[in-house]
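The values are calculated or read from the model by the stated rules, or taken from the named source; none is laboratory data. Note that the structure is predicted; figures quoted are calculated from it, not measured. Here Cβ is always computed from backbone atoms with ideal geometry, including for glycine, and neighbour counts include all displayed protein chains.
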Amino acid sequence: MTARASSLAGIAVVLAIGLAVLVLTPRLFELDVVLNVTVYMIMAVLALSLGLIWGFGGILCFGQSAFFGLGAYTYAIAVMNMGESTLPLVLSVVVPAVFAALLGYFIFYGRISDVYLGVITLTVTLILFNSVNSTAGPEFHIGSARLGGFNGIPGIPALNVPFFKDWQVDLEGMFYLATASLLLVYVALRALLASRFGRVIVAIRENEGRAQLLGYDPRVYKLATFVIGAAIAGYAGCLFANWGNFVSPTIFGLAQSAQIIIWVIVGGRGTLVGPIVGCIGIQWLTAALGANAPSETAGWAALVGNVPLILGAILIGFVLLVPKGILPTLGDLAAQLTPRRAKAAR
Amino acid sequence: MSVSRRHFLQTAAATAGAAAFGAPAFAEDAILVGSLHDLSGGLDIYGKPMVDVLTFAIEEANAGGGLLGRQVKLINYDTQSNMQLYTQFAQQAALKDKVAVVHGGITSASREVIRPVLDKFKTLYFYNTQYEGGVCDRNQFDTGVTPAQTVEKLVPYAMKKWGKKVYVVAADYNYGQITSQWVKKYATENGGEVAAIDFFPLDVTNFASTISKIQAAKPDFVWSALVGGAHISFYRQWAAAGMAKSIPMASTTFGVGNEQIVLNPDECNGMLVCYNYFQGVKNPANTAFLERFHKRFGADYPNVTELAMGTYQGFQLWADAVKKAGSADRLKVIDALETGISIDAPSGKVTIDPPTHHCILDVHIAEVKDRKFDLLEDFPQQKPADTAAVCDLKKNPNDNQQYIIKF
Amino acid sequence: MSAPLIETRGLGMRFGGVQAVRDVDFVLAERELRCLIGPNGAGKSTFFKMLTGQLHPTSGTVSLRGRDISRAEPHEIARLGVGIKTQVPSVFDGLTVRENLWIAAARTNRGARIRSVVDAMLEQVGLAPVASAIVGQLAHGQRQWVELGVVLSTDPELVLLDEPAAGMTDREVARTVELVREINKTKALIVVEHDIQFIRKIASKVTVFNQGAVLVEDDVEAILHNPTVRDVYLGKKVAA
Amino acid sequence: MDLVALLAIQVLYAIASLALISVGLAIIFGMMKVINLAHGEFLMLGGYAAIEANRYGINIWIAMLVVAPLVVGAIGAIVERTIIRWLYGRMIDTMLATWGLSLFLVGLTTAVFGNTTVGLSAPLGSFEIGSYRVSAYTLFVIAVAFVTLGGVLAMLRFTRLGLVARGAMQNANMAAALGVNPNRVYSVTFAAGAALTGLAGGVLAPVSGVFPTIGVAYVAKSFITVIGGGAAIVTGTATASALFGAVNQLATYATTPVFGEVALLAAAIVLIRLLPQGITGRFFRRSL
């Protein structure tokens, strides 16, 4: 079947690029690039989690950062208490997943959908933000880990090889772990989407009523998708806490939440590579603009060196010129150039 | 494997370069100074003045022939009030630009993000903001004031002036939490009492119910450790309720974000503050500094803030140490700084306290008056007693943490 | 005798102040083919929605083989073997024809069986040539066939068809008639249709709805000659 | 007794300010289904407009009540023409575009005004309730909120413009049939929503500080209020503000501002769970 062949070819291309990044980055670039790429990979895992639940599950979650932050905080608190990172790693996936299961049950079985769902999830992440943000006092601690409020939790111990406490993952190891995680999550999601479950969630996104009239319970499928997305986001949070050895409440904030959505829109909904591309692109752009800030704060330099101004203008231009997102637009372009392949590419 | 290979390539390239152009060429490169400040996002009110002054200090240094005969170059990062970027840019500054020193970090949160990164990659770090004290790290120097230097002076002064009962409103983060404990300590030690301490996250803008709680408590004065743009609403709402006239206020945060300019005089006149630097400090160094600075940035430049002056002095201390060490090498510069280097800064004499890596400096109590500060009393050469109680880098050079000072 | 396939007792649905369906007693035997007719707004679609769980009746009960399903959710009823083709084609517009059928077939089949069901269904509804086309890009008539295929792919025991011939060409109508007969060999059907010629061709018992209630129930020819029916429905239709 | 009166004023004020910051968004979202993430920046611009106008010698009342809405309304019209116009019916895309716009406006404002802006202080002085002193401006804000909501209601109900707007939002073709250009209606509606937001920004400028990034503090709260209110613009905004404002202020009074905020958010979650279409999705259905 050509569709399957081209889809396998697509996975192969992505894997090839991923492996090339994995193998070549540390060999070709300085450590600072490696560290930057590490955080981009981690954020791309986060982008994939929303890419799944929104792009394929049709669930517009405005609070994906809630699960990301929960994962990061869970890891931080657990590892500071336990010292050994195996269980904390597991918890950083399980806690957000359980939280998502409860929240998802509340949402999907309460028939909350659409923009209302977006507001509920946004509200939840803001509650987390407000709550964690007000834990600066010394009385707020879980075990030996102080929550730190606005200041966050610094000095989070790094992951160790499971069950070998003294065998800690170093910076380069973190790069390999993050990149490999991204590739694995990508492949796992491709497999998930090719499975019966994956096809059904896409069908539910396309036409929930019809899917239900065929005997599928949309609530169950949406809930499961939501939980899977939360687990992935939580894992990304754990990696993030490891990357900077640091976590603070802004991880739950509105800006972080909106950012994840923007990665997915920019990259293209309904694709998996899109969110990755969108995420890395925006992250790179933000860092590149900030890294070249002119120190002059007056006149034209103030405009040119003004990060939000430029980033904002780029986003606006993007919506107007590339409304479908990068990946689908590239797909259309390719389809126009090679009309015969167009069908297979779908 | 990959590491050694990369190093091999670099060494090979460097050797080739040296062979072609002669090794001394490298020594003539500019000395790089990294700046990590928020120039956008919510904290830019603090970051911009700091970067302005750093730019100015470097331009001055270069106009005077540079350091060790080399030009100084500013590598300026806008961290956009984003913690993730602090990490990324600290890594870049250390690894890619290989700067000789990083000046930066505004909140304690950002400092605790930068600090381990620069420790790990062996890059000297200057933190130039007033903060809660307690950081003990041989790689870091702190040029801002800590509570023992300011709160200790301002609390008794205010109590003597207004009375013994104080109500504390503070920003809900490290600095606010710790500062309010210091206020409580000094108030009780001076025979006063703290009616209540209320904490507010940095994005709170509605203070109506707090204001009525204060009215019910009837304190002799209010202590504000509020911080940031949103908290300016407190002073506004306080004045709008007619309280500015009836209950006075003291603060060690007011003015750091130029609140005295943002607010109208009748909203904040008479408030007491205590800092290391005010534009009105009388000494020749300050007069000369202001003249040069205003020439560069215009006479209408709003105000050189406490944090900006901390940054200026931080740069000068570092520059002096580089001259003294005859090198920009990290360990040599640290050694030079640890000799207790001292400069005649616009705020007065500023000396590095070797055991704590903090500064011995003058502090002043001043009163807000018509968008400016009127100096009331000077306290020369205050030691960082709080940090000194827990930190001795002479004895334990490998100590590396932020202590929470118990008292 | 065992319970009928579908039985409603005193079924009613009220929307605010409007009684859309009132007091309907309706019985359908296994493998029966029944047509529903009635003017627009007579409550036929609401009645269908209550049979499939899309609406929960405000009074009365629906039973499927003696089991009360009045409060059941649509997917539960679907799993009991009820399939519906809605008035406006409801399909997965962003997916291909084959994927549409796959989703349906995968509900009741596993593994390689799914594919053979889909292939057979593509033949049966005549969509094999456009199997890889995106459904949203097909013509209205073709989407009707897609929906029929989707419904039949789950192999239901009761098929509800809401105006299956609407918007179809004469040839397509003829094929639909054939298909309905074919389906009726193994399954029960309820067909809502305005086209009397169509109903005549599938020749069955007819239930006439009017103003939310059952007006009369009889053979198709008898209905056509029933004066009351003429008045409320056919008469108007003819006049219109 | 003093305390009850004081608390009543504070609760009313919380409700009024919530309603003020939300009503413009309610119009833009409710009538046009545009998720305006730059809403907070519209408020911020209203504040700057009032401050700047006042600085150039314009009377403070005119600056807040006239200049602020006019300036932000004009900005809204420009934004609609250049950006939103191309995105109708694409709710998600409007979100990305207005997020970009939000960043852009923050950056632009910082570049133009710097970040040390002299603010406005509240006029009108204060009055006493027993042993408490309250800003008289608080009462003014409450009054403005009432008048604004009343005005919008009257506009929608009694004017031809309101009728046409409602028609066009429900069905663009119908408006076209009435001989009205739906694009015009969208423009005017968006500008009107922006103007009301500018008014709120101007009126609140003396209460909360004005600085480029203040918008973040407002946008989530307004959005939650609008969604909680449901389809009806005025009734929805009013009822949701009443609920959330009261919960927020009472919880704040009983505990801390953080808890007040959390209580507001929790109330929003419970509300949407109980009434998945917002308050006016269930009650006051035929209201505006």
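Here are the numbers for this structure:
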item	result
Which listed residue, of D:Ala122, D:Ala136, D:Ala111, is farther than 14 Å from A:Ile316 by Cα, more than 8 Å from chain A (Cβ to nearest Cβ), of a type in the set (A, V, I, L, M) and crowded, with 19+ Cβ neighbours inside 10 Å	D:Ala122
In region A:154-175, residue nearest to A:Gly237 (Cα to Cα) [restricted to those that are outside any loop (DSSP other than H, G, I, E, B) and out of contact with any Phe, Trp or Tyr (no Cβ under 7 Å at 6 or more places or on another chain)]	A:Phe175
Qualifying residue in region B:90-98 (condition: more than 10 Å from chain A (Cβ to nearest Cβ) and farther than 24 Å from B:Pro346 by Cα)	no
Test: B:Phe234 is in contact with a Ser or Thr (Cβ under 8 Å, 6 or more places away or on another chain) and of a type outside the set (Ser, Thr, Tyr)	yes
Yes/no for A:Leu223 being under 17 Å from A:Thr121 (Cα atoms) and part of a helix (DSSP H, G or I)	yes
Residues of region C:180-192 that turn out to be out of contact with any Asp or Glu (no Cβ under 6 Å at 6 or more places or on another chain) and within 15 Å of C:Cys35 (Cα to Cα), as a count	7
Residue among B:Tyr125, B:Tyr131, B:Tyr167, B:Tyr173 that is without any contact (Cβ under 8 Å) to a residue 40 or more places away in the chain and among the hydroxyl-bearing types (Ser, Thr, Tyr)	B:Tyr125
Some residue of region C:176-184 being more than 19 Å from C:Ala29 (Cβ to Cβ), modelled with pLDDT under 90, under 19 Å from the mean Cα position of the chain (by Cα) and hydroxyl-bearing (Ser, Thr, Tyr)	yes
Candidates D:Ile92, D:Ile35 - the one that is farther than 21 Å from D:Gly151 by Cβ and not in a helix (DSSP H, G or I)	D:Ile35
Condition met for A:Phe56 (free of Cβ contacts under 8 Å to residues at least 12 places away in the same chain, farther than 14 Å from A:Ala233 by Cβ and either more than 10 Å from every other protein chain (Cβ to nearest Cβ) or surrounded by fewer than 24 Cβ atoms within 10 Å (Cβ to Cβ) (or both))	no
Matching residues, region B:111-122, being touching a residue at least 60 places away in the same chain (Cβ under 8 Å) and either more than 8 Å from chain A (Cβ to nearest Cβ) or among the hydroxyl-bearing types (Ser, Thr, Tyr) (or both)	B:Ile114, B:Asp119, B:Lys122
Scope region B:309-340; condition within 15 Å of B:Gln381 (Cβ to Cβ) and free of Cβ contacts under 8 Å to residues at least 60 places away in the same chain; matching residues	B:Gly340
Verdict on C:Gly83 being under 26 Å from C:Val135 (Cβ atoms) and either away from every other protein chain (no Cβ under 11 Å) or in a loop (DSSP other than H, G, I, E, B) (or both)	no
Residues of region C:1-26 satisfying the condition of being buried (at least 19 other Cβ atoms within 10 Å of the Cβ) and in a loop (DSSP other than H, G, I, E, B)	C:Leu5
Residue identified as within 30 Å of A:Ser7 (Cα to Cα), at pLDDT below 85 and touching a Ser or Thr at 6+ places or on another chain (Cβ under 7 Å) among A:Pro323, A:Pro308, A:Pro328, A:Pro339	A:Pro328
Hey, A:Val34 aliphatic (A, V, I, L, M) and more than 22 Å from the chain's Cα centre (by Cα) or not	no
Pairs with Cβ under 8 Å, 6+ apart, first in region D:38-63 and farther than 18 Å from A:Pro308 by Cα, second outside any helix (DSSP H, G or I) and of a type in the set (Ser, Thr, Tyr)	D:Tyr48/D:Thr117; D:Ile51/D:Thr117
Scan of region C:9-59 for residues that are within 14 Å of chain A (Cβ to nearest Cβ) and over 17 Å from the mean Cα position of the chain (by Cα), ordered by number	C:His56
Filter result (within 12 Å of another protein chain (Cβ to nearest Cβ) and surrounded by fewer than 24 Cβ atoms within 10 Å (Cβ to Cβ)) within region C:160-173	C:Asp162
Set A:Phe246, A:Phe226, A:Phe240: member being within 12 Å of another protein chain (Cβ to nearest Cβ), aromatic (Phe, Trp, Tyr) and within 14 Å of the chain's Cα centre (by Cα)	A:Phe240
Only listed residue being under 28 Å from A:Tyr40 (Cα atoms) and of a type outside the set (Lys, Arg), chosen from A:Ala241, A:Ala203	A:Ala241
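Residue-wise test of (1) more than 20 Å from the chain's Cα centre (by Cα); (2) part of a helix (DSSP H, G or I); (3) crowded, with 24+ Cβ neighbours inside 10 Å; (4) at negative phi.
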| position | (1), (2), (3), (4) |
| --- | --- |
| B:Val227 | no, no, yes, yes |
| B:Tyr235 | yes, yes, yes, yes |
| B:Met243 | yes, no, no, yes |
| B:Phe254 | no, no, yes, yes |
| B:Gly270 | yes, no, no, no |
| B:Val281 | no, no, yes, yes |
